[in-house]
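Worksheet for the structure shown next.
The values are calculated or read from the model by the stated rules, or taken from the named source; none is laboratory data. All figures in this text were calculated on a predicted structure; none of them were measured in a lab. Backbone-built Cβ (ideal geometry, glycine too); neighbour counts: all protein chains shown.
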Amino acid sequence: MFNFPISISSFNKIDDNLIISIILKYLKNNKCCINYPKCNHPKEQSDPNVFKIKNKEIQKLKQSYFLFLNKLIGKYLIKESKCWALYVKKETTTPSIWHIHFDNKEQYKDCIQISGIYYLTDTDIGTEFNDYFFNIETKPKKGHWFIWDSRLNHRPKDCLNPKDRLIIATQTILKK
């Protein structure tokens, strides 16, 4: 049971092709973790520092994310924020593992934790959500943020991708 609904916001004021090019280059040199490729992360996932890329278009996307959070919950202090990219090549299967992004550390017990996805490419492969009361799936829309409570179990839909799929994912811990 979650107090924070899945919320959606349009943001298409960026150069998609430039961001896609930057992210794909970033993925080559910034793998998910130090244990790559012997880890449980998807094969084409970046480290959690995409929002730290020094590029005007990436920074506009980052700003749109935090402005959306501000509209949803009001003023806040950022305690921690992660942003990574997930790329699934055409004609490959989406790495579909149920997971949450919630951090149980004691220091975050009074914080709000929010996760998000931004679809950089046109795709029909959405994200599935599972809770005690419901199972739902996004209808992915390029240029839109989807934001939810980090405790909400989710995964990319399990299927073969007919075309490339590139998303930005976030997890942010906020103090009101």
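Out of all the residues in segment 4-45, which are assigned to a loop (DSSP other than H, G, I, E, B), among the polar types (S, T, N, Q) and out of contact with any strand residue (DSSP E or B) (no Cβ under 7 Å at 6 or more places or on another chain)? Result: Asn12, Asn35, Asn40.
Residues in segment 52-108 that are among the hydrophobic types (A, V, I, L, M, F, W, C) and either in contact with a Lys or Arg (Cβ under 6 Å, 6 or more places away or on another chain) or not in a helix (DSSP H, G or I) (or both): Ile53, Leu77, Ile78, Cys83, Trp84, Ala85, Leu86, Val88, Ile97, Trp98, Ile100, Phe102.
Of note, Lys38 does not satisfy the criterion of being closer than 23 Å to Asp164 by Cα, of a type outside the set (A, V, I, L, M) and over 18 Å from the mean Cα position of the chain (by Cα). Ile6 fulfils the conditions (1) at pLDDT 95 or above; (2) closer than 21 Å to Trp145 by Cβ except for a single criterion, (1).
Number of residues in segment 151-176 that are charged (D, E, K, R) and not in a strand (DSSP E or B): the value is 6.
Here is a yes/no grid of residues against (1) exposed (fewer than 15 other Cβ atoms within 10 Å of the Cβ); (2) more than 26 Å from Lys157 (Cβ to Cβ); (3) free of Cβ contacts under 8 Å to residues at least 40 places away in the same chain:
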site: Gln63; (1), (2), (3): yes, yes, yes
site: Asn70; (1), (2), (3): yes, yes, yes
site: Lys75; (1), (2), (3): yes, yes, no
site: Lys79; (1), (2), (3): no, yes, no
site: Cys83; (1), (2), (3): no, no, no
site: Tyr87; (1), (2), (3): no, no, no
site: Pro95; (1), (2), (3): no, no, no
site: Trp98; (1), (2), (3): yes, no, no
site: His101; (1), (2), (3): no, no, no
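Condition check for Lys175 on (1) surrounded by 14 or more Cβ atoms within 10 Å (Cβ to Cβ); (2) modelled with pLDDT of 90 or more: one failure, at (1). Here is the figure for segment 140-166: residues that are more than 15 Å from the chain's Cα centre (by Cα) and of a type in the set (D, E, K, R) total 3.
Scanning segment 48-57 for residues that are within 14 Å of the chain's Cα centre (by Cα) and closer than 16 Å to Ile20 by Cα, which turns out surrounded by the most Cβ atoms within 10 Å (Cβ to Cβ)?
Once the filter is applied, the top-ranked residue is Val50.
Check Ile14, Ile34, Ile22, Ile78 and return the single one that is β-branched (Val, Ile, Thr) and closer than 26 Å to Glu137 by Cα.
Ile14
For segment 132-150, a residue qualifies if it is touching a strand residue (DSSP E or B) at 6+ places or on another chain (Cβ under 7 Å), under 15 Å from Ile100 (Cα atoms) and part of a loop (DSSP other than H, G, I, E, B), and exactly one does: Ser150. The residues listed here are Lys109, Lys75, Lys105, Lys79; of these, the one that is more than 23 Å from Asp16 (Cβ to Cβ) and either aliphatic (A, V, I, L, M) or in contact with a strand residue (DSSP E or B) (Cβ under 8 Å, 6 or more places away or on another chain) (or both) is Lys79.
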